[in-house]
Amino acid sequence: MPETSQDGAVELDLSGLKCPLPALRTRKALRALAPGARLAVTATDPLAGIDIPNVVREEGAALEAQERDGPVARFLIRRGADRAHEQA
């Protein structure tokens, strides 16, 4: 279950999960957030550095930060506006 950090971002620790689970869980968590909310994702899967930025782009969200510390990748994502509101 995601937790909220001190800076207000929802924390999602996907350490130990293998492709495609980090991407799928990131997409699910992003869709559950309110527009403008932030999601901090931690993953250890080597492909997360490719997959998660792709999910962010596909979902219309913004990748605010991405860093890697050894096997651990961390992403800070801001959810975009609802697509229904973008079309109005």
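Read-outs: derived from the displayed coordinates by stated rules, not from any lab. Remember, predicted model here, so these are calculated numbers, not experimental data.
Summary of values
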quantity	calculated
Degrees, to the nearest 10: 21-32 long Cα axis against longest axis of the chain	30 degrees
Gaussian network model of the chain, Cα within-10 Å springs - most flexible of L21, L76, L39	L21
Relative contact order for the chain, counting Cα pairs under 8 Å that sit 6 or more residues apart, in percent	29 percent
Dimensions in Å of the stretch 3-82 - Rg and Dmax from alpha carbons	11.3, 35
